Amino acid sequence: MQHPQDIPPPENPTLQLLLDTIRERRPTADLTMVQLAYEFADAAHSGQIRKSGVPYIIHPLCTAITLAQMNLDPVVVVAGLLHDVPEDTAVTIEELEKNFGKEVAHLVAGVTKLGKIKYRGIERYIENLRKMFVAMAEDIRVIIIKFADRLHNLNTLEHLPPKKQYRVALETLEIYAPIANRLGMGEMKGQLEDLSFKYVYPKEYAWVRGLVEERSEQKEAYINEVSQKLEAELAKQNIPVVSVSGRLKRLYSLYEKLLRHDKDIEKIHDLVALRVIVKNAADCYTALGVIHNIWRPMPGRFKDYIAQPKPNGYQSLHTTVFAEQGKIVEFQIRDEEQNMNAEFGIAAHWVYDETGSKATKQIKWVRELAAAGDAMTRLKDLENLKIDIFENRIFVFTPKGDVIDLPENATPVDFAFAVHTQIGNQCAGARVNDRIVSLDQPLKSGDVIDIIVDKSKKGPSADWIKFVKTTHAKTCIKQYSKTSLANWLKRALPTRGK
Ligand code: MN
């Protein structure tokens with residue numbers, strides 16, 4: 001059984017390990033640039049020592065290895081090696097551009113612009129968020145490099161003074177992990193959270209860790225028994241299996257779930273989940289049938305995220321069954337590509353879709369947020385922006401079945417603007433699950449919404465502002481009433497002069 005919370009950085013990070021990591025995944029990649037970047041960074045940082053006592057180059061090297069493990073393009077790996085050069089040495093971005101080209105320089109400049117973010121109260125926090133969104137909208141790879149950078153800093157956090165440890169870890173929990181989650185980078189989110197957990201909530205961390213350790217050993221034998229039975233059955237049905245493995249729930253997400261369930265570990269059914277990886281989506285459904293045929297499914301616990309992926313792109317079948325001796329076990333079934341996506345999210349899309357069209361669609365919400373962030377300078381508005389992303393989300397559907405994700409209690413008007421500004425502007429009514437509803441009715445997950453459009457309508461009603469929930473809808477309504485007010489003033493006020 002895997003303990004996902006224990007993924008340390010490589011014990012002996014070397015240039016060779018980095019090159020091997022890339023070659024393993026991209027046998028034809030040209031590694032000359034990576035080698036040069038390593039030598040360049042090593043020379044630039046020479047004489048600098050990390051707080052842990054190791055030469056500074058170890059840090060960018062570990063950052064680059066993480067990026068290579070995520071199978072990112074060597075250009076991103078090169079930028080990872082160079083990410084602290086302009087900030088910490090005399091070398092400038094211009095020199096990087098001369099040596100490594102525009103793309104690398106642009107990525108490093110993006111990381112540098114984000115700066116060494118520090119968590120200092122709500123104002124700085126929101127300012128940081130805004131910076132993150134602007135950077136993301138420009139080039140999402142900048143944030144991915146920042147994640148890898150942060151991961152290594154967290155792994156070596158023990159060498160910093162306690163006050164600083166707390167600040168870095170809290171900022172990770174509050175800013176980095178939620179963004180990783182929204183980008184569908186489950187593995188990254190989980191690692192960032194678990195590494196920060198013990199610094200932000202040390203007592204709670206010890207408690208949850210104790211709970212898991214007590215149970216994981218007894219569960220291990222049981223999970224092995226269930227996996228073997230399933231593997232034998234899948235083989236009988238001629239379903240090729242990539243892997244079946246038990247995975248302990250990550251500590252921080254277990255902690256959050258415990259808080260929602262009276263802190264009672266007995267109420268948590270997915271402390272261990274069995275992850276079944278097969279060759280293709282069709283086999284996922286066959287495997288599901290096999291599982292339900294051996295063990296009785298628990299009613300209401302089956303979720304088909306393959307047919308209807310989560311908005312962050314996550315795809316899997318989830319089911320919970322009464323397995324051997326009537327014990328409750330959760331299964332997650334997915335194919336190899338879905339598994340890559342679940343772990344690396346948006347980062348995996350650069351691998352699968354180099355034209356970028358898929359990735360572009362995925363980050364549309366990032367662009368919208370950045371645009372909204374730019375238009376708003378007042379703190380209160382930025383706080384709304386924060387709520388938009390981190391509040392609980394609901395998932396609703398267009399009549400064609402496209403998923404739109406919205407904050408809880410969003411209304412048909414929020415939905416209309418999320419689909420298209422024009423639809424929002426001309427929204428005259430709404431049908432939710434085939435029933436006409438009022439425009440301020442809160443939507444629920446799973447609702448199918450059909451907006452009734454009035455083509456003759458010029459713009460949104462100003463009083464919608466009273467009930468809409470998303471920043472995007474608010475911005476659109478305000479912008480429209482501002483321009484219409486200006487037009488009205490122009491008409492109403494006598495023109496002077498001439
Ligand atoms: Mn760094």
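The values are calculated or read from the model by the stated rules, or taken from the named source; none is laboratory data. Every value quoted in this text rests on a predicted model; they were computed, and no experiment measured them. Neighbour counts are summed over all protein chains in view; Cβ atoms, including those assigned to glycine, are modelled from backbone coordinates with ideal geometry. Ligands, DNA and RNA are excluded from the accessible area calculation, which covers all protein heavy atoms including side chains. Shrake-Rupley method; radii C 1.70, N 1.55, O 1.52, S 1.80 Å.
Rolling a 1.4 Å probe across the protein heavy atoms gives the range 203-345 an accessible surface of 48 Å² per residue.
In this structure, the pairs whose alpha-carbon distance is over 32 Å, taken from Lys400/Lys457; Lys249/Lys478; Lys163/Lys444, are Lys249/Lys478; Lys163/Lys444.
Give me the distance between the Cα centres of the range 43-94 and the range 250-283, rounded to whole Å. Here the two parts' Cα centres lie 36 Å apart. In this structure Val468 has an accessible area near 10 Å², from a 1.4 Å probe over the protein heavy atoms.
For the range 4-200, the carbon plus sulfur part of the accessible surface works out to 51%, probe radius 1.4 Å.
Here the peptides 258-271, 424-437 are ranked by packing, the mean other Cβ count within 10 Å, and the order with the highest first is 424-437, 258-271. Just to be sure I follow: if Rg is taken over the C-alpha atoms of the range 203-345 and Rh is the Kirkwood radius over the same atoms, what is Rg/Rh? Rounded to two decimals, Rg over Rh is 0.97. The residues of the range 4-200 present an accessible area of 41 Å² per residue when probed at 1.4 Å with all protein chains retained. Summing Lys and Arg as +1 and Asp and Glu as -1 over all other residues whose Cβ lies under 15 Å from the Cβ of Asn238 gives a net charge of -1.
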